[in-house]
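Asks: Below you'll find the structure I mean.
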Amino acid sequence: MCFSAINDKEDKTMNTVYEENPCGGVGRMRLDHLLGPEELKDKCPLFARVTLPPGAVLGFHEHHGDSECYHILAGTGEYDDNGVKRMVEPGDVTWTPDGTGHGLSNAAGREDLVFIALMIKS
């Protein structure tokens, strides 16, 4: 996992962290962890609602030892699926299997790009 996030001490409703220039991308990404380590055990490294504000980019990164799914909730963005780029919008679901990579850009967005990220160990 390429995130090394900073805890947001002001948000007490859920474990919210911010990542600057995530995975070599641009801007600040917000992660609202929906479940913590106690609930996820060792099966899922990440289950969170993620927000990329306009101009932010989650850089391309590869998965080794886990796979990841995004479910787009709001906004539109450009999804990079191993070099193949396509637009995503609310209702779209992406899947990145172990050994492959992806990235997500809201560089041209006018509103927040919000999605659920679920990472599952292989």
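Here, each number is a calculation from the coordinates, and none is a lab measurement. The structure displayed is predicted, hence computed values, not measured ones. Cβ coordinates were reconstructed from backbone atoms using ideal geometry, including for glycine residues, and neighbour counts include every protein chain displayed.
Asks: When the chain is treated as a GNM, springs tying every alpha-carbon pair under 10 Å, which of Leu46, Leu35, Leu73 comes out with the largest mean-square fluctuation?
Replies: Leu35
Asks: For region 84-93, take each phi angle, set θ = phi - 60°, evaluate the Karplus expression 6.51 cos²θ - 1.76 cosθ + 1.60, and give the result in whole Hz per residue in order, putting x for glycine and proline.
Replies: 9, 9, 8, 7, 10, 8, x, x, 6, 10
Asks: What distance in nm separates the simple spin-label points at Ser67 and Ile116, each placed 7 Å from Cα in the Cβ direction?
Replies: According to this spin-label approximation, the distance is 1.7 nm.
Asks: Same structure, new question: Once you have the Kirkwood Rh of the chain from its Cα pairs, apply Stokes-Einstein at 37 °C and 0.692 mPa s and quote D in µm²/s.
Replies: 229 µm²/s
Asks: Related question: When the chain is fully extended, how far beyond the present Cα-Cα distance does Asp92 get from Asn21, taking 0.36 nm per residue of separation?
Replies: Full extension of this stretch gives 23.2 nm more.
Asks: With r defined as the distance between the Cβ atoms of Glu39 and Ala108 and R0 fixed at 25 Å, what FRET efficiency is calculated, to the nearest 0.05?
Replies: The value I calculate is 0.10.
Asks: Can you list the residues, at least 5 places off or on another chain, whose amide H is less than 5 Å from the amide H of Gly109, using H built in the peptide plane?
Replies: Gly55
Asks: With unit charges on the beta carbon (Lys/Arg positive, Asp/Glu negative), name the residue among Met87, Ser122, His61 whose Cα is farthest towards the positive pole of the charge dipole of region 15-122.
Replies: Met87
Asks: Taking the highest mean first, how do the peptides 89-97, 47-55 order by number of other beta carbon atoms within 10 angstrom per residue?
Replies: 47-55, 89-97
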